[in-house]
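What follows is a single structure, written as structure tokens, with notes after it.
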Amino acid sequence: MIVFQDLSFTYKGEKQPALQEVCLTVPDGGFLGVIGPAGAGKTTLARAISGMIPHHYSGDYYGSVTVNGLDTVETSLDEISQLVGMVFQDVDSQIISPMVEDEMLYGLENFGVPREEIPGRVEDALEKVGIADLRDRTIGSLSGGQRQKVAIASILALKPRILVLDEPTGELDPRSSRQVFSLLKELNEEQGITVILIEQKIMLLCEFARQLAVLNGGRVIFQGETREVLAHSDELQALGVNCPRVTTLSSILSEKTGEKQPACINLDEAEAMVRRLIP
Ligand SMILES: Nc1ncnc2c1ncn2[C@@H]1O[C@H](COP(=O)(O)OP(=O)(O)OP(=O)(O)O)[C@@H](O)[C@H]1O
Ligand SMILES: [Mg+2]
């Protein structure tokens, strides 16, 4: 379980806090989507879970974050990284090896994974992400989307219990994005891995995440079940957070019919709603 208790953080040298009084709980096995406009504090939130804040980024830190009961301030980065795997928004700052296979091996060797387990883990992770054919390629020869997949695979190979992904599909086409989301859902449902996914592709996110947190100006302004949060579609639009079009449709129809329609989160639900209203 991840628990933020009144966390406020201001990067060293900055005046404005990047996070303010954040209270947030992600249960074990949860799948939390995080949305919010640029500069809202999403990446900062991810860094606070992975321990990079305060271990790598210094600043004014108030409140606490615990990951499976461990306070991230008191726990070493090594220990936290055994629990939390993070895919960075900027994958190029994450990838350090010149070759795909070396990148996969680097983490596994650093983690002290037994030698005999390593080949199987590499193969399995590459296979899961659908990039087994890239194994012998140089990083420099890959597209942005392929590098993103390598970063994801190298984290999956470490088998963390908690996965934090900061816009991991930014460079991917819609088909590959959906594949990554489906893989996360499978890991979440079948292995109970907790997923925290920061995403701009909100339509896709709402289909997969069970809970949503909306950040704005460093504060969590809404959190809860995906459908409950989307019921605030008017407020979200006002912040510049685009809601899925099906959600906007349910909100417009609530207004037009004078009868509150439940927020739709996928096409099937929108179709059912329209059929109900237009016999
Ligand atoms: N390393 C840093 N040093 C100083 N300030 C930072 C640093 N990283 C982020 N900030 C500031 O903290 C605030 C929150 O930034 P953050 O990167 O967490 O937002 P975000 O929601 O991830 O934005 P985006 O959608 O652009 O990725 C911003 O004002 C940003 O300028
Ligand atoms: Mg960010």
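Each value in this text was obtained by applying a stated rule to the coordinates, not by laboratory testing. Just so it is clear, the model here is predicted, and its values are computed rather than measured. Ideal geometry is used to build each Cβ from the backbone, glycine not excepted, and the neighbour counts take in all protein chains shown.
For the stretch 116-177, a Kirkwood radius taken over Cα pairs fed into Stokes-Einstein (20 °C, viscosity 1.002 mPa s) yields D = 175 µm²/s. For Lys128, a cut-off of 25 angstrom between C-alpha atoms picks up these lysines, skipping any fewer than 8 places away in its own chain: Lys149, Lys159, Lys185, Lys201. Looking at the chain alone, DSSP beta bridges between its own residues are antiparallel in about 55 percent of cases. In the stretch 48-112, inverting the average of 1/r over every pair of distinct C-alpha atoms gives 13.2 Å as the Kirkwood radius. Take the Kirkwood radius over Cα pairs of the chain, plug it into Stokes-Einstein at 20 °C and 1.002 mPa s, and you get 108 µm²/s for translational diffusion.
Calculated [222 nm] ellipticity per residue, helices only, for the chain: -12500 deg cm²/dmol; basis is -39500 (n - 2.57) per DSSP H run with n ≥ 4, divided by all residues, nearest 500. Tell me which of Ala153, Met99, Val195 sits at the most positive position along the dipole axis of the chain, charges placed on C-beta atoms (Lys, Arg +1; Asp, Glu -1). It is Val195, whose Cα lies furthest towards the positive end. A Gaussian network model of the chain, with springs between Cα atoms under 10 Å, assigns the largest mean-square fluctuation among Val84, Val113, Val229 to Val113.
Taking Glu123, Glu259, Glu190 as the candidate residues, the one with maximal mean-square fluctuation in a Gaussian network model of the chain, Cα springs under 10 Å, is Glu259.
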